[in-house]
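To start, the structure under review is shown below, and the notes come after it.
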Amino acid sequence: MIQSTDLPDTVAVFPLPGALLLPRSRLPLHIFEPRYLMMLEDALKTPQRLIGMVQPFAGQGSDEGLHDIGCAGRVTQFSETEDGRYLITLSGVSRFRIEQETDGFTPYRRCQVSWDGYKRDLGRVEDDCRFDRPEFLDLLERFFSSRSLSTDWEVLKDADDELLINSLSMMLDFDPEDKQALLEAPGLATRRETLTTLIEFALRGGSSEEMLQ
C-alpha cells in the first residue's frame, strides 16, 4: 500500500473527459496515442507507477485547461496488444490538487501537485451510516429502466457501501462536470447525496446545466 510519504510532488496527468477515478476504485483504460504510450512507459519505470486522471474543462480538449482536482492511480494491470496498444487498470490511490503545470520535454502533460487535505483517501474503506440502500436501489432501478440498462441486482444489494457508490459514480453516463462534482465530494456520504441528486434530475429529464444554475 502506498503511504503519504511515497506520493511524488509531480505526476503525469491524463486529461480524459468523463473518465472518473476514485480512491480504492479501479479504472480500465485503453492506451493508444503515442504520447500516452510514452507516459505509461515512464510511469512503469517509477516505484509508485502513478498516473493522474484529470477532467479538462467542459467543451475543451485534452490540451486545454484542467480542473484543479484530480485523482492518481497506480498501474496494477497492463497487457500489450499485437499492434502496440496497451490495456491497463488504474487502482485509485489519492486525490490531489494541481498547483501548476510543469514545463518539460515530455509529449504528455505533467503537473506539480499537493496531496494536502486528502489523507483520508489513503485510509480504510469508508462506510455511509445514513445510507438507505432499499430506497436508493429503488431509485436506481427506475433510472436503469428508463435507459433500458440491465445489471446484477443481487450483486448491488450485497456490495459494500463504498464499492457500490463509487462504482456507480464512475460507470454511469453523466456529463464531465457532474463527474467532477462526484470526484470533489468530501466523503462517501456527500458523494452518495450528489449521485442521488444526479439520478433524480436525470429521471425528471433535466440537464446538468440546469441543475448547476
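Inside region 112-126, residues that are surrounded by 12 or more Cβ atoms within 10 Å (Cβ to Cβ) and outside any helix (DSSP H, G or I) make up a count of 8.
Scanning region 48-70 for residues being modelled with pLDDT under 95 and acidic (Asp, Glu) gives a total of 2.
Just name the residue that is farthest from the chain's Cα centre (by Cα) out of those in region 159-180 that are farther than 17 Å from Leu16 by Cβ and aliphatic (A, V, I, L, M).
The first filter runs over region 159-180 and keeps only residues farther than 17 Å from Leu16 by Cβ, leaving 159-168.
If we keep only those that are aliphatic (A, V, I, L, M) too, we end up with 159, 163-165, 168.
Details: Ala159: 19, Leu163: 13, Leu164: 14, Ile165: 12, Leu168: 11 Å.
This residue is Ala159.
So which residues in region 154-166 are part of a helix (DSSP H, G or I) and surrounded by fewer than 17 Cβ atoms within 10 Å (Cβ to Cβ), if there are any at all?
Of the residues in region 154-166, the ones part of a helix (DSSP H, G or I) are 154-158, 161-166.
Once the filter is applied, which keeps residues that are part of a helix (DSSP H, G or I) and surrounded by fewer than 17 Cβ atoms within 10 Å (Cβ to Cβ), region 154-166 yields Glu154, Val155, Lys157, Asp158, Leu163.
Restricting to strands (runs of 3 or more DSSP E) lying wholly in region 1-69: which have 2 or more residues that are touching a residue at least 60 places away in the same chain (Cβ under 8 Å)? Walk me through how you get there before you give the answer.
Working: elements: 10-15, 26-31, 50-54.
Per the criteria, 10-15, 26-31.
Against the conditions (1) at pLDDT 95 or above; (2) within 22 Å of Pro17 (Cα to Cα), Lys45 satisfies every one except (2). Among the residues of region 134-153, those identified as in a helix (DSSP H, G or I), surrounded by fewer than 17 Cβ atoms within 10 Å (Cβ to Cβ) and not aromatic (Phe, Trp, Tyr) are Pro134, Glu135, Leu137, Asp138, Leu139, Glu141, Arg142, Ser145, Ser146.
The values are calculated or read from the model by the stated rules, or taken from the named source; none is laboratory data. Just so we're clear, the structure is a prediction, and the values are computed from it rather than from any experiment. Every residue, glycine among them, receives a Cβ derived from its backbone with ideal geometry; neighbour counts consider all protein chains shown.
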